[in-house]
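Each remark here refers to the structure printed beneath this line.
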Amino acid sequence: MEGRQMSDVSVIGTGVMGSALVEVLAGSAYQVTVWNRTKEKADALSGPRVRTAESVVEALTVSPLTFVAVTSQELSRTLVEEAGADLKGKVVASASFVTPDQAKVYDAVVKAAGGKYLDLSIPAYPNEVRSGSGVFLISGDRESYEAHREKFEQIGRTTTFVDETPGAAYISEMAILLAYLPMAVSLLQGLRICEHHNIPLDWYTETIPEFYHFHIKSLLGRVTDKRDQSLRNVEASINIWGDTAAEYADYLRELGLDAGMYDALQRLFSAASQAGYGEDDWTSIAEHTTGNDRKG
Ligand SMILES: NC(=O)c1ccc[n+]([C@@H]2O[C@H](COP(=O)([O-])OP(=O)(O)OC[C@H]3O[C@@H](n4cnc5c(N)ncnc54)[C@H](OP(=O)(O)O)[C@@H]3O)[C@@H](O)[C@H]2O)c1
């Protein structure tokens, strides 16, 4: 690597997440090389421990580990593939969501160039990553993870190696995060309801964490308790929650709020009801999500 300055980690893509990674890495005393399509954004991060690479090839080859934090896995993989770099002894960790099939393809691209691939799932916001509170779920080549484990552990709050199967970290992330977005959007809509009806915000912000902490634990305890499955009492039926979803959707519309999520829930419960499960306990709803199954 004659004439090139070597570094500890490279970061390709200095958008919100990439720049947070650069800041936390540099703050942990690592030498960081960055590349970004819009060079000024990469240059803006330059400092005693951060320098800008002139090309993707340079970024991939001056460090033993490169984080790729661009908009999508397809773009991430294409940037690496089209760079055509010799990746022998190099590890590429992608921060973009992949399905297992997409991860297999990415893994093969990196392997064909002589390198190793890791999924770097980050179920955290950039500000948390920047301040050292990032959460990292990692899958892919275990040896590569072990070789760089200290870096992940130093820059994040928790780091978990999920599995060697490419994509595994993203599937775990999805299982956890799936509930977050609808819940977060509903919390924001709940705030609008409070504003509309002059409900005290203090009451809302105090009640929400207490209410959901209890109900999430209780729900997960109930549905994962194998002993109870055959004796599962009907606490609230699919029909009851379906009706409630329709009532909530109507009132959201009346308030001028988007009712799309509650319309979708109403359709889901209604399909299960039409398939003959209306009197079953509502916690069986995820078993009847296609609407094609029929009660025998
Ligand atoms: N933000 C989050 O909360 C968060 C959390 C976890 C994971 N992630 C993941 O991190 C990845 C990056 O997200 P972000 O929030 O940092 O997005 P972002 O701020 O929109 O940054 C996108 C990055 O992709 C680059 N890019 C876009 N099109 C490109 C192209 N055709 N060629 C080369 N580079 C291109 C952009 O370069 P330019 O500057 O030149 O436009 C920029 O560096 C995503 O996969 C996201 O899912 C984000």
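Annotation: peptides 262-272, 234-244, 200-210, ranked by per-residue average of other Cβ atoms within 10 Å with the highest first, follow the order 262-272, 234-244, 200-210.
Rounded, prolate or oblate for the stretch 104-186? Axes are the square roots of the Cα gyration tensor eigenvalues, ordered a ≥ b ≥ c, and the cut-off for rounded is a/c under 1.5. Judged from the Cα gyration tensor, the stretch 104-186 comes out oblate (a/c at least 1.5, b/c at or above a/b). Based on the alpha-carbon gyration tensor of the chain and its eigenvalue square roots a ≥ b ≥ c, which shape applies: rounded if a/c is under 1.5, prolate if not and a/b is larger than b/c, or oblate? Prolate, since a/c reaches 1.5 and a/b exceeds b/c.
The Cβ shell under 14 Å around T99 holds other residues with a net charge of -3, Lys and Arg each +1, Asp and Glu each -1. Packing-based ranking of 248-255, 17-24 yields 17-24, 248-255, ordered from highest to lowest mean Cβ neighbour count within 10 Å.
Let me check I've understood the local charge: for Q31, count other residues with C-beta under 12 angstrom from its C-beta, Lys and Arg +1, Asp and Glu -1. What total comes out?
Charge balance near Q31 sits at +2.
Each Cα pair under 8 Å and six or more residues apart adds its separation to the average, and for the chain the resulting relative contact order is 11 percent. Computed over the stretch 166-274, the range of Cα coordinates on each principal axis works out to 45, 35, 30 Å, biggest value leading.
Summary of packing: across the peptides 4-15, 28-39, 212-223, the per-residue average of other C-beta atoms within 10 Å ranks them, highest first, as 4-15, 28-39, 212-223. Comparing F136, F161, F211 in a Gaussian network model of the chain (Cα springs below 10 Å), the most mobile by mean-square fluctuation is F211.
Taking Cα atoms only, the orientation of helix 238-254 departs from the longest principal axis of the chain by about 70 degrees. So, counting K/R as plus one and D/E as minus one, what does the shell of residues with Cβ under 14 Å around G132 add up to? Value of the local net charge: 0.
When DSSP assigns beta bridges and you keep just the ones with both residues in the chain, what percent turn out antiparallel, to the nearest 5?
20 percent
Taking the stretch 261-284 and a reference point 7 angstrom along Cα→Cβ of H196, the backbone N atoms nearer than 17 Å belong to 261-264. Applying both filters, DSSP loop and at most 10 other Cβ atoms within 10 Å, to the trypsin sites (Lys or Arg not before Pro) of the stretch 47-93 gives K88.
In terms of the Cα gyration tensor, with a ≥ b ≥ c the square roots of its eigenvalues, is the stretch 31-150 rounded because a/c is under 1.5, prolate because a/b exceeds b/c, or oblate? Rounded shape, in that the Cα axes give a/c under 1.5.
FYI, it's all coordinate maths here, none of it is from the lab. Since this is a predicted model, take the numbers as computed values, not measurements. Ideal geometry is used to build each Cβ from the backbone, glycine not excepted, and the neighbour counts take in all protein chains shown.
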